[in-house]
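Below is one structure, written out as structure tokens; comments come after it.
The values are calculated or read from the model by the stated rules, or taken from the named source; none is laboratory data. Keep in mind that this is a model prediction, so the values were computed, not measured. Backbone-built Cβ (ideal geometry, glycine too); neighbour counts: all protein chains shown.
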Amino acid sequence: MSQVRVICSVYKSTKKEGMYLYVDKKNKLDGLPEALLQLFGQPVQVVDFLLTPEKKLAEVEAGKVLGEIREKGYFLQMPPQEENLLKAHRAANGLDPDMEKNSGG
């Protein structure tokens, strides 16, 4: 049984905080879709590391990253969704979280 291992380069986006691009280091950024690069902005390299299916990553499963690198040549990690604190507060207090305050006037 062959073990899947990739030396992975991670780049951060200059356009969107929390957006990261994982690629096989040997391929660098060669062959990435132009639309992706326009969305991503100028890539800034953050780190290189050995990626295996067992590797623990903060935001995503390593197997998913490896699969997309193998299939598409990259994995795009989107920033985590921001929590809407007002909705959370309203829900915690038994109020409709989607109800907007009605300003009578």
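Key figures for this structure:
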{"item": "Subset of region 1-35 that is among the small types (Gly, Ala, Ser) and under 18 Å from the mean Cα position of the chain (by Cα) - its residue that is nearest to Phe49 (Cα to Cα)", "result": "Ser9"}
{"item": "Filtered residues of region 1-31 (kept if touching a Gly at 6+ places or on another chain (Cβ under 8 Å) and among the polar types (S, T, N, Q))", "result": "Ser13, Thr14, Asn27"}
{"item": "Enumeration of residues in region 1-59 that are closer than 15 Å to Pro79 by Cβ, charged (D, E, K, R), in contact (Cβ under 8 Å) with a residue 24 or more places away in the chain and part of a loop (DSSP other than H, G, I, E, B)", "result": "Lys15, Lys16, Glu17"}
{"item": "One residue from Gly31, Gly63 being at positive phi and small (Gly, Ala, Ser)", "result": "Gly31"}
{"item": "Scope region 17-26; condition touching a helix residue (DSSP H, G or I) at 6+ places or on another chain (Cβ under 8 Å) and either under 12 Å from Val44 (Cα atoms) or polar (S, T, N, Q) (or both); matching residues", "result": "Met19, Leu21, Tyr22"}
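Yes/no matrix, rows are residues, columns are (1) touching a Pro at 6+ places or on another chain (Cβ under 9 Å); (2) modelled with pLDDT under 95; (3) exposed (fewer than 11 other Cβ atoms within 10 Å of the Cβ):
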residue	(1), (2), (3)
Gly18	yes, yes, no
Asp30	no, yes, yes
Gln38	no, yes, yes
Thr52	no, no, no
Leu66	yes, no, no
Met78	no, yes, no
Asn93	no, yes, yes
Asn102	no, yes, yes
Gly105	no, yes, yes
